[in-house]
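One structure is given below, encoded as structure tokens.
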Amino acid sequence: MSRWLTSPADLWLALMRRLARLVVRFTVSPPDPGSIGIREDGVCYVLENDLLFDELVLDAACRRHGLPAATVAMRAPGVAERRSVFGVRRYRGFWWRRPDPRPARRLARLIRALETHPETELMLVPVAVFWGRAPAREHSWLKLLFAEQWDIAGRTRRLLTILLHGRNVLVKFGEPIALRTLAAPAGSDARAIRRASRLLRVHFRNERTAVIGPDLSHRRSLVSRILDEATVREAIADEMAATGAPYSRVRAKARLYGWEIAADYSYTAVLFFEKLLTWLWTRLYDGMQVHSLERAKALAGDHELVYVPSHRSHIDYMVLSYVLFKQGLALPYVAAGINLNLPLIGPLLRRGGAFFLRRSFGGNALYTAVFRAYLSTMLAKGYPIEYFIEGTRSRSGRLQPARTGMLSMTVHSYLCNRQRPVAFMPVYFGYEKLVEGQTYIGELRGQPKRKESVLGLMRSLKTLRERFGRVQVSIGEPLRLPELLDEWRPQWRDEQHSLGRRPPWLAGFVEHLGRRILVEINAAAVGNPVNLVSLALLAMPKQAMVERELASQLELYRNLLERPPWLMRDRLPREDPLELIRYVEGLGVVTRREHPIGDVIHMSERQAVLATYFRNNVQHLLALPGLVASCFLNHRSLSEKRIRRLVLLVYPFVAAELRLPWRQRDLGEIIGQTLQAMAELRLLRASRDGRLWSRARAGSPSAVQLLVLAQVMMPTLERYYLLVALLIRNGSGRLRRAELLDLAQRVAERVTLVYELHSPDFFDRRVFSGFLDELRRLGVVRVDGEQRLHFDQALADADEDARQVLGAQLRQSLLQVAALPDDTLLDASAAKDRAAG
């Protein structure tokens with residue numbers, strides 16, 4: 001005891017260490033910090049702030065993991081430091097805490113030691129300590145007020161933070177840095193010290209940005225800064241000239257636009273939402289499965305992340321924000337439609353990071369300028385952004401064409417301000433049951449979309465009594481914008497750009513980028529039990545299968561997807577197929593009819609309509625096996641050359657509709673992999689020379705499985721054939737685009753009525769429109785000055801090839817249903833002409 005009394009500092013440190021052991025519980029990232037290469041000697045830890053409890057928590061983490069302790073003397077030639085830690089940011093003042101701009105004294109001494117002892121090698125290990133940010137823990141209501149922030153905390157607030165969040169601490173070790181590399185070349189000790197301090201501050205700022213989000217200016221000052229942007233000032237001047245309104249009125253109008261757009265982010269509100277959503281997800285879902293999040297973590301520190309997810313449900317952005325927050329990543333700012341800026345709800349969303357935009361800018365140059373300036377400011381400051389590239393929720397379950405407005409503004413903003421490289425993060429959402437399911441059934445059948453309202457939100461609260469299964473969130477392959485620009489326009493780095501003028505090549509690049517993002521979203525798909533069961537049952541005429549046959553089909557799908565080209569074993573359910581069926585039955589997606597020799601699993605009409613949505617989520621995964629299987633519907637054997645020709649014929653259209661990733665020139669190898677997988681599963685067998693492929697004999701289990709697999713793509717092929725047959729039947733140069741689409745939609749709807757197909761997406765006008773656009777892009781169909789459609793022999797040849805797949809009976813049935821009186825078409829055409837006149 002007498003030894004302690006001679007060293008009051010040691011006594012104080014011992015008392016504080018004991019207190020820290022009582023009140024502090026922490027998690028460490030990475031879980032094994034020793035794996036990042038921390039040496040035994042010459043190590044000095046660097047904290048963001050020179051705070052005692054941060055040092056004590058760090059020291060405890062080091063001792064737990066067998067690393068050199070932080071509060072002991074450094075061991076290195078020429079170095080005599082009592083402790084192996086220092087803080088980059090120092091503070092002065094006892095009650096009023098304010099930054100001390102002087103560099104850390106220990107850092108200065110270490111750099112001078114390197115100068116005087118060239119043989120010495122020192123390693124700095126940056127460590128970030130976050131109080132109230134261990135992502136796997138709950139937050140109490142009081143703790144929301146004292147969680148980790150960007151601002152400087154006084155001693156009272158610091159004490160409350162330690163007491164309230166002492167059991168909720170995240171200690172994040174960074175990669176070791178050689179101090180000699182960090183400080184040199186600098187020319188002098190003073191410059192070396194300033195340089196090392198600046199680089200360490202940047203490191204910690206990036207870490208804090210990645211974990212809790214960027215440092216935020218007040219919304220009012222942010223809007224004021226936007227109004228001073230050159231493009232906004234120019235738009236204000238143009239508005240004054242066009243309307244004659246005074247400057248004060250136009251500037252006030254621009255300010256109102258800024259307030260309408262801007263988020264009012266509150267980290268305290270975010271923590272409140274985290275607690276609320278934890279309760280909500282527990283009530284609604286059986287769990288959330290997250291795939292490949294390490295892709296986002298790897299880029300969060302040094303890239304501007306733009307999350308571009310699929311849009312399945314109103315809760316998509318809440319799910320993604322929740323997952324990112326729980327996994328220790330900064331929340332993105334979410335672009336929300338102005339229709340969601342509802343009373344009560346809008347302000348809450350705004351404080352959670354939502355910024356609002358109008359569905360159409362409608363030629364409003366002032367609003368456009370303000371919005372562009374806001375988005376550019378957000379990107380320049382490094383705020384993560386999220387927007388739905390499809391623009392609106394998919395009602396069919398397929399990805400919709402990319403709406404490139406936000407995408408174009410993002411790319412243009414980066415070209416004008418290249419502070420941080422941008423990476424687009426595709427995100428796939430998979431649901432086993434939709435909160436909006438009942439509304440979607442009506443919308444799938446053609447009813448108009450319901451407008452969002454507070455009353456509608458209150459009605460939806462009754463869904464809290466239902467069970468919605470699991471949610472899958474899958475991060476796709478990142479698309480780094482600088483690399484994509486290098487491929488598209490190699491000289492872009494040498495060009496100067498401004499927000500007031502978009503380069504002429506930007507539109508083409510953005511269209512290309514939008515398609516790439518959609519492809520990567522689909523490539524990240526997850527096959528859940530509802531998806532797989534829907535694929536199988538909707539392939540049957542009455543949406544019913546004997547349970548054991550359904551189980552065999554599910555096992556087949558899983559085996560196919562585990563093999564090349566998808567190799568998606570980690571994104572498929574691992575349960576036994578019979579367990580999957582019982583699970584889907586428990587969700588109310590299917591119904592069981594018991595029978596002495598084997599239960600039958602079926603879907604009612606209502607169940608089948610909604611199941612088309614979940615089938616369409618993952619139809620692309622089995623598109624190629626389905627196309628190959630369809631070749632054998634009317635043939636026992638086919639040469640590989642013939643199979644490749646038939647698949648290549650329709651692949652451009654299927655790839656455009658289902659967002660498939662393979663280029664035409666690579667398709668030969670992919671078809672080969674598909675044939676090999678189907679042979680391994682005994683769906684097909686090859687001749688000895690490998691040139692001829694045959695299916696099993698009719699009626700065998702393998703033949704039945706092949707037939708069901710072919711039905712995955714048959715509705716798609718039937719739609720294509722229907723539109724081509726209608727075009728050929730009416731002759732070249734006779735129909736306009738709108739007339740053909742109207743006719744195809746009416747005929748397809750008639751087919752679903754005659755054959756009782758519970759699949760409203762079969763007559764989805766957008767699908768026909770996409771197919772026709774692809775025919776035009778490939779030059780198979782041309783449009784004249786009067787917007788009439790022309791074609792030549794190539795279309796007739798395609799029609800002949802389709803006969804090989806669809807078969808005579810099916811083709812005749814479709815044509816018979818499609819038979820319309822000639823005056824039906826003429827009346828429709830005349831009506832269009834009268835309307836145009």
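The values are calculated or read from the model by the stated rules, or taken from the named source; none is laboratory data. Since we're looking at a predicted model, the values are computed, not measured. With ideal geometry, Cβ positions are generated from the backbone for all residues, glycine too; neighbour counts draw on all protein chains shown. The accessibility values were calculated without ligands, DNA or RNA, using every heavy atom of the protein model including side chains. Shrake-Rupley method; radii C 1.70, N 1.55, O 1.52, S 1.80 Å.
Numerical summary
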read-out	value
Matching residues, segment 700-720, being of a type in the set (A, V, I, L, M) and either closer than 12 Å to S639 by Cα or free of Cβ contacts under 8 Å to residues at least 12 places away in the same chain (or both)	A703
Residue check for R225: open to solvent by 50 Å² or more (accessible area, probe 1.4 Å), out of contact with any Gly (no Cβ under 9 Å at 6 or more places or on another chain), assigned to a helix (DSSP H, G or I) and more than 30 Å from N616 (Cα to Cα)	yes
Hits in segment 704-762 - residues which are part of a helix (DSSP H, G or I) and of a type in the set (S, T, Y)	T716, Y720, Y721, T752
Lone qualifier among V526, V473 - being touching a residue at least 40 places away in the same chain (Cβ under 8 Å), part of a loop (DSSP other than H, G, I, E, B) and not basic (K, R)	V526
Given (1) open to solvent by 80 Å² or more (accessible area, probe 1.4 Å); (2) at pLDDT below 95; (3) under 28 Å from Q400 (Cβ atoms), number of the condition E511 does not satisfy	(2)
The listed residue being free of Cβ contacts under 8 Å to residues at least 40 places away in the same chain, open to solvent by 50 Å² or more (accessible area, probe 1.4 Å) and in a loop (DSSP other than H, G, I, E, B), out of R644, R697, R665	R697
Some residue of segment 519-529 being of a type in the set (D, E, K, R) and open to solvent by 50 Å² or more (accessible area, probe 1.4 Å)	no
Selected residue (only one of R312, R295, R283, R255 is touching a residue at least 12 places away in the same chain (Cβ under 8 Å), of a type outside the set (S, T, N, Q), open to solvent by 60 Å² or more (accessible area, probe 1.4 Å) and closer than 30 Å to L610 by Cβ)	R283
Unique match (being closer than 25 Å to G476 by Cβ and within 15 Å of the chain's Cα centre (by Cα)) among L320, L357	L320
Segment 587-619: number of residues that are among the β-branched types (V, I, T) and in a helix (DSSP H, G or I)	3
Test: residue in segment 674-689 that is open to solvent by 50 Å² or more (accessible area, probe 1.4 Å), modelled with pLDDT of 95 or more, closer than 29 Å to L778 by Cα and not basic (K, R)	no
Residue match in segment 488-496 (condition: outside any loop (DSSP other than H, G, I, E, B), open to solvent by less than 10 Å² (accessible area, probe 1.4 Å) and touching a residue at least 24 places away in the same chain (Cβ under 8 Å))	yes
Index of the failed condition, F632 passing every other in (1) in contact with a Lys or Arg (Cβ under 8 Å, 6 or more places away or on another chain); (2) over 26 Å from W693 (Cβ atoms)	(2)
Selected residue (criterion: farthest from the chain's Cα centre (by Cα)) from residues of segment 9-51 that are among the charged types (D, E, K, R) and in a loop (DSSP other than H, G, I, E, B)	D41
Pair list, Cβ < 7 Å and 6+ apart or interchain, from segment 725-742 residues that are among the hydrophobic types (A, V, I, L, M, F, W, C) to residues that are in a loop (DSSP other than H, G, I, E, B) and open to solvent by less than 10 Å² (accessible area, probe 1.4 Å)	L727/L735
Residue count for segment 336-355, restricted to those that are assigned to a strand (DSSP E or B) and buried (at least 21 other Cβ atoms within 10 Å of the Cβ)	3
